[in-house]
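Values quoted throughout were computed directly from the atomic coordinates according to the rules given, and no laboratory measurement underlies them. Note that this is a predicted model, so its numbers are computed, not measured. Here the Cβ is made from the backbone with ideal geometry for all residues, glycine too, and neighbour counts use every protein chain on show.
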Amino acid sequence: MRYYIGQCEYKWSHVNKPMEALWIRRAIGDDIFKTVEENDWHWVWIHSNSQTLPGDTYCRCDIYVEIPNSTKGTWFMLKYPQAQLVEKAL
């Protein structure tokens, strides 16, 4: 199951580099970031041009997490009500 957590913006030069994870962690918070990492769930970061900053320099990153269909997904939703369940495109 895929859950939308939030979004952030940073420079395109940080994409696929260690700095990207720092920006994402800052945007969503340490607690939720650590929970996803400790459970070894799969991050999904979707990049597009920034809507508010120069798009050739800055990107927008929509932050999702993939959680196996289990009770852990329900627990995740209860602990982090800001997360939104989304349907994956086929």
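Quickly run through segment 1-43 and pick out the residues that are among the basic types (Lys, Arg) and either over 24 Å from residue 69 (Cβ atoms) or touching a residue at least 60 places away in the same chain (Cβ under 8 Å) (or both). Give the steps one after another, and end with the answer.
Initial filter on segment 1-43 (among the basic types (Lys, Arg)): 2, 11, 17, 25-26, 34.
2, 11, 17, 25, 26, listed by residue number.
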- Task: Could you check residue 10 against (1) of a type outside the set (Gly, Ala, Ser); (2) farther than 12 Å from residue 83 by Cβ; (3) in a helix (DSSP H, G or I) and say which number it fails?
- Result: (3)
- Tally the residues that are part of a loop (DSSP other than H, G, I, E, B) and of a type in the set (S, T, N, Q), restricting the search to segment 48-90. 7
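Among the residues of segment 66-84, is any within 17 Å of residue 10 (Cα to Cα) and among the hydroxyl-bearing types (Ser, Thr, Tyr)? Walk me through it before giving the result.
Going residue by residue through segment 66-84, those that are within 17 Å of residue 10 (Cα to Cα) are none.
Taking every residue of segment 66-84 in turn, none turns out to be within 17 Å of residue 10 (Cα to Cα) and among the hydroxyl-bearing types (Ser, Thr, Tyr).
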- Task: Return only the number of the condition from (1) surrounded by 17 or more Cβ atoms within 10 Å (Cβ to Cβ); (2) in contact (Cβ under 8 Å) with a residue 40 or more places away in the chain; (3) not acidic (Asp, Glu) that residue 57 does not satisfy.
- Result: (1)
- May I ask you to list the residues in segment 16-47 that are over 17 Å from residue 4 (Cβ atoms), basic (Lys, Arg) and assigned to a helix (DSSP H, G or I)? 26, 34
